[in-house]
Every structure is written in C-alpha cells, then in structure tokens.
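Novice: This structure is in structure tokens; I'll ask about it shortly.
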C-alpha cells in the first residue's frame, strides 16, 4: 500500500512539473513596460474621411494625430466614401437625395453633384479615374458618371430577384484591364 501511495505521489509531482513547464512556455516575452498608444510607432499618414449618414455630415481627420481637420455639412445621408485613384477627390453618395457627390480632397469643398437612381448605396471609380459608377439599391440600377463633365451618361438596370430584397444589396467594383485572377 505504501508503494502505491509513493508511486501515485511521484506521478502527481511529475504531472505538476510538466504542467508548470508547459504553462511557462505559453508566456510571451515582456519588457515590464506597458504599451500605450503614444509609444506605438505612428506609421499611418494622410487623411481619414468618415461619413455620418444619420448626422448628415462628413468628417475629415488627420491620420497621424487623429485630430479633426474639418466637418462638412449639408450633404443629406452621406454614405460609402471612395477616394479617386489620383487622390485628388473623394466621392460619396447621398441616399436621401439620390446624388453622387465629388469633394476636392485638398480644399474639402464640394466640387459637384450628379443625380443617380433612387437610394444610391455604393460608388466606385475606374482605375483611370474617368468614370464613377453608383449602385442604386431602390431601383436596381447602376449609374455611370463622366468624372470630367460631372454628368451621368448611362443608367442600366440590374436584374432583380422575385423576392423582396434589402436595400443596398447591389455592390460594385472595378477590375483593371488585362487582370487574370488565375495568375494572382
């Protein structure tokens, strides 16, 4: 009986030692100094644009300091911000007013607006920046916009499902010419 207790006790010690060894390997290296946001490297530069759809505003922030640069008001329900490929303009859609809005990225002034279909949800620019496409969730259309003239030149229907669909279901993206997904 004593021999069994001794073996059981020894095995318990071995298991405890193994558990301690395993748990000690799980810990990461620490310097003892807490990491705070001010000690992290600041690698993000540029501008952050935030659309406040329910507040009817766009807020522009400095990405390095996180300070608000300006807030643009007067755009009803701005949604889905996109930066043009050349970085000179920022686009949004206004679902409340059925508009695509082009904003000068340097001056933060509205450059122009273009009527779209009902309740535009998304906007994207072609890689050459010459055409913007807005998807219109309420009437299942896509509006093509000539960026240089700020005029809509095409509105195409997208086949609708027979069942009711939620708004903003239609999305859009651009693929550069010659792109082969099999190679990437």
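The values are calculated or read from the model by the stated rules, or taken from the named source; none is laboratory data. Just so you know, these numbers come straight off a predicted model, no measurement behind them. Cβ coordinates were reconstructed from backbone atoms using ideal geometry, including for glycine residues, and neighbour counts include every protein chain displayed.
Novice: Have a look at 60, 101, 114 and point out the one that is surrounded by 15 or more Cβ atoms within 10 Å (Cβ to Cβ), in contact (Cβ under 8 Å) with a residue 24 or more places away in the chain, under 17 Å from the mean Cα position of the chain (by Cα) and not in a loop (DSSP other than H, G, I, E, B).
Specialist: Numbers: 101 fails: under 17 Å from the mean Cα position of the chain (by Cα); 114 fails: under 17 Å from the mean Cα position of the chain (by Cα).
None of the others qualify; the one that does is 60.
Novice: Applying the selection to region 64-94, what residues are under 18 Å from the mean Cα position of the chain (by Cα), part of a loop (DSSP other than H, G, I, E, B) and surrounded by 14 or more Cβ atoms within 10 Å (Cβ to Cβ)?
Specialist: Hits for region 64-94 are 77, 84, 85.
Novice: Say we look at region 120-148 and pick out the residues that are modelled with pLDDT of 90 or more and not in a strand (DSSP E or B); which of these is surrounded by the most Cβ atoms within 10 Å (Cβ to Cβ)?
Specialist: Within region 120-148, the match that is surrounded by the most Cβ atoms within 10 Å (Cβ to Cβ) is 147.
Novice: Any idea how many residues of region 117-136 are over 16 Å from residue 82 (Cα atoms) and in contact (Cβ under 8 Å) with a residue 40 or more places away in the chain?
Specialist: Qualifying residue count for the region: 1.
Novice: Could you please find all residues in region 76-86 being on the phi < 0 side of the Ramachandran plot and modelled with pLDDT of 90 or more? So that I can check it myself, show each step before the final result.
Specialist: Applying the first criterion (on the phi < 0 side of the Ramachandran plot) to region 76-86 yields 76, 78-79, 81-86.
Residues satisfying the conditions are 76, 78, 81, 82, 83, 84, 85, 86.
Novice: Here is a list of conditions, (1) at positive phi; (2) assigned to a loop (DSSP other than H, G, I, E, B), and residue 107 meets all of them except one; can you say which number that is?
Specialist: Just one mismatch for residue 107, condition (1).
Novice: While we're here: Out of all the residues in region 150-169, is one or more at pLDDT 85 or above, assigned to a loop (DSSP other than H, G, I, E, B) and exposed (fewer than 12 other Cβ atoms within 10 Å of the Cβ)?
Specialist: No, every residue in region 150-169 fails to be at pLDDT 85 or above, assigned to a loop (DSSP other than H, G, I, E, B) and exposed (fewer than 12 other Cβ atoms within 10 Å of the Cβ).
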